[in-house]
1. Considering only DSSP beta bridges where both residues belong to the chain, give the percentage that are antiparallel (nearest 5).
2. If each DSSP helix of 4+ residues adds -39,500 (n - 2.57) and the sum is divided by the residues in the chain, what number results at 222 nm, nearest 500 deg cm²/dmol?
3. What order, most packed first, do the peptides 251-263, 416-428 have when packing is the mean number of other Cβ atoms within 10 Å of each residue?
4. If the chain between residue 535 and residue 560 were fully stretched, how many nm would it gain, using 0.36 nm times the residue separation less the Cα-Cα distance?
5. Please give every one of the aspartates and glutamates within straight-line cross-link reach of residue 402, meaning a C-alpha to C-alpha distance under 15 Å, and leave out same-chain neighbours fewer than 8 residues apart.
6. Using a Förster radius of 45 Å, what is the FRET efficiency between residue 638 and residue 290 based on their Cβ-Cβ separation? Nearest 0.05, please.
7. Among the lysines, which fall within straight-line cross-link reach of residue 134, defined as a Cα-Cα distance under 17 Å, with same-chain neighbours fewer than 8 residues apart omitted?
8. What order do you get for 356-366, 482-492 when each peptide is scored by the mean count of other beta carbon atoms within 10 Å, highest first?
Amino acid sequence: MSSGMADLHISGLKGLKKLDTTMGRTSDVCADDSVPTVRAQNLEELHSLQKKSAPNTPRGAMTPRGAGTPRSEEERQRQQLQSISTSLASLTRESGPQVVRGEPGNASAASVTGFGSRYERGPKFQAVSDSALKFTHVLYNLSPAELYEQALKSEKGSYITSTGALATLSGAKTGRSPKDKRVVSEESSHNDLWWGKGSPNIEMDEETFLVNRERAVDYLNSLDKVFVNDQFLNWDPENRIKVRIISARAYHSLFMHNMCIRPTPEELEDFGTPDFTIYNAGKFPCNRYTHYMTSSTSVDVNLKRREMVILGTQYAGEMKKGLFSLMHYLMPKRGILSLHSGCNMGKAGDVALFFGLSGTGKTTLSTDHNRLLIGDDEHCWGDDGVSNIEGGCYAKCIGLSKEREPDIWDAIKFGTVVENVVFDEHSREIDYDDKSVTENTRAAYPIEFIPNAKIPCVGPHPKNLILLACDAFGVLPPVSRLTLAQTMYHFISGYTAIVAGTEDGVTEPTATFSACFGAAFIMMHPTKYAAMLAEKMQKHGATAWLVNTGWSGGSYGVGSRMKLAYTRSIIDAIHDGSLLEAEFSETPIFGLHVPKAVAGVPSEILQPENSWKDRAAYTETLKKLAGLFQKNFCNFADYEVGGDSNLTQQILQAGPLLD
Ligand SMILES: Nc1ncnc2c1ncn2[C@@H]1O[C@H](COP(=O)(O)OP(=O)(O)O)[C@@H](O)[C@H]1O
Ligand SMILES: C=C(OP(=O)(O)O)C(=O)O
Ligand SMILES: [Ca+2]
Ligand SMILES: [Mn+2]
């Protein structure tokens, strides 16, 4: 210090000389004083230094033209923007909008493309409507952090929770709208698809699809900014599908970032033209004067155009399950079975699939601390084994507890989207029991957020198939082993029971039958999938089980939901092979094979009649459910499963028998 002070002096008479603060810096300066100086010349530059572009994720609008960017990189970006402009092209004007990377205000000529790009601006450009003069700002494959900022800035109802998740509201729709799901009848797919009674595919013509598509595209192009995600479906590299999702909300972009497979920067570089595009204009309604429209909501799939249009619902699950429907068309055509199932694998490589309708436990039970998670909801079973279609999980949050579902609890952190949950205004702690917004509260997170995720999400052929049913009647045994014919019968039936709106005082459960445990998502006739399943089960020697995750000791209102700990013990016994060695007895009516004992489960609950106080009520309820199964199966009685008429006869006889 003393040497520096000695050099400081004032000289001359015309004011003070500038202090040279760098003067005399010697090695004996105390450590506190040795912080490097700021590089920036001004505040603007300082702020610009804060952000940098990673080499593989160029920011078109932020990279100054000619600032050392290699020509090929610039060309690649131009092609990418051209591709997005083409996606957003208006059909009536046959032109895409002028697309610019980045937020409004960041427009720079270098990143503008599309119709009338600066190279092509001619008289034609002047002649078109105002909308062609407007830039469409594209926020392309933003990171979770960027999407958080976008959501917090522009979307009411966006908050950061105490653990760092992004809380959002999905709007008026807090679940899917299956009655508004339409599929275009066109020559390329018409004969492959399942139409008519029981089918989820509500027919729509090509013309009406284009009307809705135009409505969505015009809406998206009218916005200040749109989000574009280019991602993949299916971890099987040979059957990977490239999807583009164009949406109006950061919530939607982050949701799909989490749920689809995230491309590496290299994979993104040669992404090229997507195989399928979603136009999510869910903030905007469809027009009820449009032919076929029965509400303000329409989710329209066009397999020939490889497009999906969403109008009138912001529920993000619509995109996830819409893509699942697409896979239910594309994969079986390649001989690959698509399944609404969870999937996990033991350390020894034993794979289990968990089938079941919503709320039966696919996500909860496939997320198992002792096993590797392959996926929670959508899988393919092909010649080489299984592959997850998705890159993330979508867990129910209602009643979530750290003790019972620790891995899901811990996954709700920075990057995760939590939909429609209620939280403390100040602490931002989520109250998982609060159903004020909806009972269907959800968390969407990348699969890597589960510590024992199996990456890549593929595995060998399954050893066990676990058919889950949440039987609110409480008459199905907690676990039973199924024959092949029974497996087909229950797979085609797709049973679960829900409890109708408690607020109405209704305590009676309602049986739901949904073919292939996912009728809302299948595209072809259920027997097509069932035949493939039978063939694969036989070929690979898988064992199937029916597990009731619903009521025990009586129906809803009398009995109680099966303890999760018991269900987990049952599942453990299936995985480790011990249950296969058990002694079984056959139940009346349903003819199910029930084990006499399962480690960790009280034996008296294994036969449901033993857990009911009122035996007569039990028998009556059992018969009632059997009748509902039979009535439902009438819909399939005239169909053959595959080319095997013998198996078809066995399947028809494998259901419940009443005398
Ligand atoms: N015995 C049980 N087995 C499975 N889930 C149970 C059980 N008891 C309660 N649950 C709850 O039921 C819900 C099952 O939902 P989830 O696993 O998300 O179903 P899916 O993925 O099939 O839609 C979870 O909220 C879970 O905590
Ligand atoms: C995403 C959904 O599936 P699941 O309930 O099976 O998790 C849904 O039904 O909206
Ligand atoms: Ca590549
Ligand atoms: Mn699920």
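1. Working: 61 of 100 bridges.
Taking every DSSP beta bridge within the chain, about 60 percent pair in antiparallel fashion.
2. Working: 17 runs with 176 residues, N = 659.
Using -39500 (n - 2.57) per qualifying helix, the result is -8000 deg cm²/dmol.
3. On the way: 251-263: 25.7, 416-428: 18.2.
Going by the mean number of other Cβ atoms within 10 Å, highest first, we get 251-263, 416-428.
4. Working: separation 25, 0.36 × 25 = 9.00 nm, distance 3.75 nm.
Gain in length upon complete extension: 5.3 nm.
5. Leaving aside aspartates and glutamates fewer than 8 places away in the same chain, those within reach of residue 402 are 368, 410, 429, 431, 433.
6. Details: r = 35 Å, r/R0 = 0.79.
For R0 = 45 Å, the calculated efficiency reads 0.80.
7. 124, 225
8. Details: 356-366: 23.9, 482-492: 22.0.
In decreasing order of mean packing, 356-366, 482-492 become 356-366, 482-492.
The values are calculated or read from the model by the stated rules, or taken from the named source; none is laboratory data. All figures in this text were calculated on a predicted structure; none of them were measured in a lab. Backbone-built Cβ (ideal geometry, glycine too); neighbour counts: all protein chains shown. To get the accessible areas, we keep the full protein, side chains included, count just its heavy atoms, and leave off ligands, DNA and RNA. Shrake-Rupley method; radii C 1.70, N 1.55, O 1.52, S 1.80 Å.
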